[in-house]
Amino acid sequence: MKLRFTLLLLLTVLLSHASVYFVDDTNGSDTNDGLSYLTAWQTLNKVNTFALNAGDSVLFKRDGVWRGQLLPQSGNSAAPITYSAYGFGLFPLFFGSADVSSTAGWTSEGNNIWRSAQTSSVDVGSLIFNFETAVGVKKWTQAALQQQGDFWYDKTGTQTVKLYSATNPGQYYSHIEAALGKFIVYMTVDSFINLNNLAFKYGSADGIEVRNSHHINITDCFLSYIGGCELTNQVRYGGGIQFWAN
């Protein structure tokens, strides 16, 4: 089914004289033209800033991983713009998080409180430990950090995470993802867009946010570990997919 979808997509594009752009997180380069898997782009910044035409498709390499925000562009009623996958393997994976696993990235403040060196201008709504075997418990004050895994985001001070841990968190945990309070995919005043065969993880706002937009088709996508960001006054929010306003 995956191969059939890709071939059908490529045939549709060829018949419509549109372009297919490929994105490879490891072997691509943003100086490439993106028009074949051998000359693929590499980053989300390139995808977001390149001016696509109606009917174009952007295909991400399966098993690839990207961090940041995807900003789809509008097609039209006759020719939507499609964001999907190519190759074999798992869905292309988009992280809305920062990797804070390094032992060098944590500083002890005493009494089992550790401060992350990673700063963030947006809330950190969740910590995911050891490749999803455990998660942190969000607290609203530093004084509430009392047991292993409790964490607090210091939004008015250092804009860092502080975590209760018996030892350096980079040693205590094999891996730590800090889910950031940003949408992983953001569409606003956009239209005629297809998202297919993509995966989104570790964002503490909405995974896919759609505002004042129409004719948005999201099919066969996978979302997990989404939500937990502070909306206001200790009220948390975040969903997999949200259509908001008109």
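The values are calculated or read from the model by the stated rules, or taken from the named source; none is laboratory data. Computed from a predicted model, the values in this text were never measured in an experiment. Virtual Cβ from ideal backbone geometry, glycine too; neighbours counted across all protein chains shown. Heavy atoms of the whole protein, side chains included, go into the accessibility calculation; ligands, DNA and RNA do not. Shrake-Rupley method; radii C 1.70, N 1.55, O 1.52, S 1.80 Å.
Sorting check: for 21-27, 196-202, which peptide has the highest mean count of neighbouring beta carbons within 10 Å, and how do the rest follow?
Details: 21-27: 19.0, 196-202: 22.6.
Highest-to-lowest ranking by the protection proxy: 196-202, 21-27.
The accessible-area ordering, largest first, of the residues Tyr173, Tyr164, Tyr225 stands as Tyr225, Tyr164, Tyr173, per a 1.4 angstrom probe. If I compute Rg/Rh (Cα atoms, Kirkwood Rh) from the structure I just sent, which labelled value in (i) 1.03; (ii) 0.98; (iii) 1.07 lines up? Computing Rg/Rh (Cα atoms, Kirkwood Rh) and matching it to (i) 1.03; (ii) 0.98; (iii) 1.07 gives (i). Only beta bridges with both residues in segment 96-246 are counted; by DSSP, about 55 percent of them are antiparallel.
Per the 1.4 Å probe, what fraction of the accessible area of the chain, in percent, lies on carbon and sulfur atoms? Result for the chain: 54 percent of the exposed heavy-atom area is carbon or sulfur.
For segment 118-183, what class follows from the C-alpha gyration tensor (a ≥ b ≥ c being the square roots of its eigenvalues): rounded when a/c is under 1.5, otherwise prolate if a/b is larger than b/c, else oblate? The shape class here is oblate. Note the angle between two axes, namely the Cα long axis of helix 2-16 and the longest principal axis of the Cα atoms of the chain, as a number of degrees from 0 to 90, rounded to the nearest 10. Relative to the chain, helix 2-16 is tipped by roughly 50 degrees. Is the C-alpha gyration tensor of segment 205-246 telling us rounded, prolate or oblate? Criteria: a/c under 1.5 is rounded; beyond that, a/b larger than b/c is prolate, otherwise oblate. Since a/c reaches 1.5 but b/c is at least a/b, the shape of segment 205-246 is classed as oblate.
Surface calculation, 1.4 Å probe, protein heavy atoms: His214 sits at approximately 90 Å² accessible. To the nearest 10, the accessible area of Phe50 is 60 Å² with a 1.4 Å probe.
Checking the a/c ratio against 1.5 first, then a/b against b/c, what shape does the Cα gyration tensor give for segment 52-106? Here segment 52-106 falls in the oblate category. Give me the net charge of Gln148's neighbourhood, meaning all other residues with Cβ under 15 Å from the Cβ of Gln148; Lys, Arg count +1, Asp, Glu -1. So the environment of Gln148 carries a net charge of +2.
Return the percentage of antiparallel bridges among DSSP beta bridges fully within segment 171-246, rounded to the nearest 5 %. Percent antiparallel among DSSP bridges in segment 171-246 is about 15. Give me the net charge for the shell around Asn130: Cβ to Cβ below 15 angstrom, other residues only, Lys and Arg +1, Asp and Glu -1. In short, -2. Using a probe of 1.4 angstrom and keeping all protein chains present, the accessible surface of the chain works out to 48 square angstrom per residue. Note on Ile241: accessible area approximately 80 square angstrom, rounded to 10, probe 1.4 Å, nucleic acids and ligands left out. Legend: residue pairs Lys139/Lys182; Lys46/Lys139; Lys162/Lys182; Lys61/Lys162; Lys46/Lys138, Cα-Cα distance threshold 31 Å; pairs beyond threshold, Lys46/Lys139; Lys61/Lys162; Lys46/Lys138. Springs between Cα atoms under 10 Å define the GNM used for the chain, and in it the highest mean-square fluctuation of Thr167, Thr49, Thr133 occurs at Thr133.
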